[in-house]
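Please read the structure below before turning to the comments.
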Amino acid sequence: MIARSVVTNLNGLLTPDPKSHWKVDRIDDAAIALEGGRIAWLGKRIDLPAEWTAAPSLDGAGAWALPAFVDPHTHLLFGGDRSGEFNRRLHGVPYAQIAAEGGGIRETVRATRAASVAELVALGEGRLRTLRERGVGHVEAKTGYGLELEAESRLLASYGELRRRGWSLDITLLPAHDIPLEFAGDAEGYAQVVAETWLPELVRRHPGVARYCDVFIEGGVFTVDQGRRIFEAGKRLGLQPRIHADELSWTGGAELAAELGAASADHLMFCSNVGMRAMAAAHVTPILLPTTTLCLGMREWAPARKMIEAGCRVALASDFNPGSSPCLDPLLVLRLGCLQLRLTFEEALTAMTLHAARSLGRGDLGHLHPGARASMALWPVRDPLELVYWVGEAYAPRVIVPEDPCA
Ligand code: NIG
Ligand code: FE
């Protein structure tokens with residue numbers, strides 16, 4: 001990106017207002033002045049201050065400028081794929097049954113353990129490029145397909161390398177994504193090893209790479225008490241909790257997120273009313289994952305409206321993973337947010353930008369205002385609403401991101 005430039009010839013810009021929960025501002029015939037990777041000024045083109053008129057211009061080609069999407073929940077790095085399992089599910093075999101038979105996450109664990117750091121980095125870079133081309137400027141990415149110390153360490157090393165290559169990422173440690181074969185029947189023992197040995201060792205080996213810690217709290221996986229133990233160990237290492245909560249059944253994951261002051265509780269298909277109110281009071285971001293609901297063939301959608309009414313700042317994410325959401329399509333997330341979670345366009349946009357960024361503590365991402373990072377997508381549409389209205393249309397935005405990734 002040019003150090004100092006003005007984005008001109010825009011149809012307009014649309015941005016969530018960070019001073020409110022759900023207000024979205026619209027400026028027609030806008031211009032945006034950029035300096036050092038941040039927005040220096042924005043407003044109506046005719047009001048562009050004189051000091052900017054001679055700056056190099058970046059042709060907006062009649063597009064609409066929106067903040068780049070922030071994807072706050074992905075399982076970016078894994079080996080192999082699960083297309084065979086997918087076909088079994090199309091034939092009616094439930095996801096939980098495949099997992100109970102040793103497939104599901106464990107199948108991906110086998111492929112991921114066999115992958116080298118170089119292979120994982122190449123896979124990750126391809127996926128990040130796809131997301132970037134589709135309008136995503138910043139991504140949260142989890143470990144969790146290693147489920148042994150060395151494989152989790154290789155995943156973390158790969159994420160470290162992706163960050164060194166300039167990708168804007170926040171990393172979450174998820175060794176408690178499932179119970180590996182080596183600990184079959186001993187969730188308690190595995191939770192103990194993760195909390196007491198692996199988390200400290202992973203942080204020691206890869207200082208500064210991970211900011212968050214996650215646990216899959218679910219029947220047959222980890223209990224709330226096992227999760228609490230891992231999260232408390234993570235907190236002592238400076239890792240803030242994000243939680244796979246209430247995905248396939250109610251387990252009290254949202255309530256635990258509120259108790260711990262987690263950054264987010266994610267999935268929440270079976271979240272209780274008490275859990276919603278507790279998350280709102282504790283400023284936990286509920287992150288809803290509609291492509292997962294779609295790909296699992298579930299009939300009910302997460303209670304987004306009830307969460308908003310309870311006072312929650314709901315975010316949306318892709319949950320990109322090889323099992324329940326093999327999907328790198330932010331527009332599909334946006335569209336399902338509107339069409340199935342029944343969010344307005346403005347709410348779904350805010351959920352994929354401002355609230356997603358806030359759940360990652362990135363107050364300078366997810367909105368366009370002076371001082372914010374110049375992370376934006378220029379969409380070739382006459383009106384931003386078309387992004388949802390023309391269902392299935394694959395728009396190719398021009399994506400502008402700062403050269404230096406988030407530290
Ligand atoms: O977020 N719920 C746990 N983890 C993933 C699924 C992982 C997989 O099936 O590989 C999820 O849906
Ligand atoms: Fe997930």
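For segment 369-381, name all the residues that are in a loop (DSSP other than H, G, I, E, B) and under 21 Å from residue 18 (Cβ atoms). Within segment 369-381, 369, 370, 371, 372, 374, 375 meet the criteria. Which residues, taken from segment 257-276, are under 22 Å from residue 171 (Cβ atoms) and in a helix (DSSP H, G or I)? Across segment 257-276, the qualifying residues are 257, 260. Out of 256, 294, one residue alone is within 16 Å of ligand 1 (Cβ to nearest atom), under 23 Å from residue 343 (Cα atoms) and either surrounded by fewer than 20 Cβ atoms within 10 Å (Cβ to Cβ) or aliphatic (A, V, I, L, M) (or both). It is 294. Residue count for segment 199-218 under the criterion of being over 24 Å from the mean Cα position of the chain (by Cα) and either closer than 20 Å to residue 259 by Cβ or not basic (Lys, Arg) (or both): the result is 2. Of the candidates 362, 335, the single residue that is basic (Lys, Arg), away from ligand 1 (no atom under 16 Å from the Cβ) and assigned to a loop (DSSP other than H, G, I, E, B) is 362.
For segment 382-395, filtering for residues that are farther than 17 Å from residue 136 by Cα, part of a loop (DSSP other than H, G, I, E, B) and not acidic (Asp, Glu) leaves 5.
In this structure, is residue 329 among the charged types (D, E, K, R), surrounded by fewer than 20 Cβ atoms within 10 Å (Cβ to Cβ), touching a Phe, Trp or Tyr at 6+ places or on another chain (Cβ under 8 Å) and within 28 Å of residue 294 (Cβ to Cβ)?
When the stated conditions are applied, residue 329 does not pass them.
Just so you know, in segment 233-253 the residues that are surrounded by 24 or more Cβ atoms within 10 Å (Cβ to Cβ) and in a helix (DSSP H, G or I) include one that is farthest from ligand 1 (Cβ to nearest atom), and it is 234. Being assigned to a loop (DSSP other than H, G, I, E, B), touching a strand residue (DSSP E or B) at 6+ places or on another chain (Cβ under 7 Å) and within 16 Å of ligand 2 (Cβ to nearest atom) is true of residue 178.
State yes or no: is residue 404 modelled with pLDDT under 95 and not small (Gly, Ala, Ser)? Let's see the steps before the verdict.
On the way: modelled with pLDDT under 95: yes; not small (Gly, Ala, Ser): yes.
In short, yes.
The single condition from (1) β-branched (Val, Ile, Thr); (2) crowded, with 18+ Cβ neighbours inside 10 Å; (3) more than 16 Å from ligand 2 (Cβ to nearest atom) that residue 105 fails is (3). Checking each residue of segment 34-48 against the condition of being at pLDDT below 95 and of a type in the set (A, V, I, L, M) gives no match.
Quick one: in segment 184-232, which of the residues that are aromatic (Phe, Trp, Tyr) and in contact (Cβ under 8 Å) with a residue 40 or more places away in the chain is surrounded by the most Cβ atoms within 10 Å (Cβ to Cβ)? Restricting to residues being aromatic (Phe, Trp, Tyr) and in contact (Cβ under 8 Å) with a residue 40 or more places away in the chain, the top hit is 222.
Condition (residue is of a type in the set (Ser, Thr, Tyr), in the same structural domain as residue 305 (by TED's automatic domain parsing) and buried (at least 24 other Cβ atoms within 10 Å of the Cβ)) applied to segment 337-358: is it met by at least one residue?
First pass over segment 337-358, keeping only residues of a type in the set (Ser, Thr, Tyr): 344, 350, 353.
If we keep only those that are in the same structural domain as residue 305 (by TED's automatic domain parsing) as well, we get 344, 350, 353.
Retained after the next criterion (residues that are buried (at least 24 other Cβ atoms within 10 Å of the Cβ)): 350, 353.
Scanning segment 337-358, I find at least one residue that is of a type in the set (Ser, Thr, Tyr), in the same structural domain as residue 305 (by TED's automatic domain parsing) and buried (at least 24 other Cβ atoms within 10 Å of the Cβ), so the answer is yes.
Have a look at 236, 229, 205, 211 and point out the one that is away from ligand 2 (no atom under 16 Å from the Cβ), among the basic types (Lys, Arg), over 19 Å from residue 104 (Cβ atoms) and touching a Gly at 6+ places or on another chain (Cβ under 9 Å). Exactly one residue qualifies, and that residue is 211. Of the residues making up segment 52-86, just one is within 12 Å of ligand 1 (Cβ to nearest atom) and in a strand (DSSP E or B), namely 74. Any residue at all in segment 147-158 that's in contact with a His (Cβ under 8 Å, 6 or more places away or on another chain) and either within 23 Å of residue 292 (Cβ to Cβ) or outside the structural domain of residue 221 (by TED's automatic domain parsing) (or both)? Yes, segment 147-158 contains at least one residue that is in contact with a His (Cβ under 8 Å, 6 or more places away or on another chain) and either within 23 Å of residue 292 (Cβ to Cβ) or outside the structural domain of residue 221 (by TED's automatic domain parsing) (or both). Residue 82 meets all of the listed conditions (1) away from ligand 2 (no atom under 16 Å from the Cβ); (2) in contact (Cβ under 8 Å) with a residue 24 or more places away in the chain; (3) touching a helix residue (DSSP H, G or I) at 6+ places or on another chain (Cβ under 7 Å) but one, namely (1).
Within this structure, residue 111 passes the test of being part of a helix (DSSP H, G or I), in contact with an Asp or Glu (Cβ under 9 Å, 6 or more places away or on another chain) and assigned by TED's automatic domain parsing to the domain that holds residue 214.
Scanning segment 129-164 for residues that are of a type in the set (D, E, K, R), surrounded by fewer than 24 Cβ atoms within 10 Å (Cβ to Cβ) and in contact (Cβ under 8 Å) with a residue 24 or more places away in the chain yields 132, 133, 134, 148, 154, 161, 163.
If I filter segment 134-158 down to residues being of a type outside the set (Gly, Ala, Ser) and in a strand (DSSP E or B), which single residue comes out as nearest to ligand 1 (Cβ to nearest atom)? Write out each step before concluding.
Residues of segment 134-158 that are of a type outside the set (Gly, Ala, Ser), as a first pass: 134, 136, 138-140, 142-143, 145, 147-150, 152, 154-156.
Next, only the ones that are in a strand (DSSP E or B) stay: 136, 138-140, 142.
On the way: 136: 18, 138: 19, 139: 15, 140: 12, 142: 9 Å.
Among residues in segment 134-158 that are of a type outside the set (Gly, Ala, Ser) and in a strand (DSSP E or B), the one nearest to ligand 1 (Cβ to nearest atom) is 142.
The values are calculated or read from the model by the stated rules, or taken from the named source; none is laboratory data. Because the structure is predicted, anything quoted here is derived from the model rather than measured. Don't worry about glycine lacking a Cβ; one is built from the backbone with ideal geometry, like all the others, and counts go over all protein chains shown.
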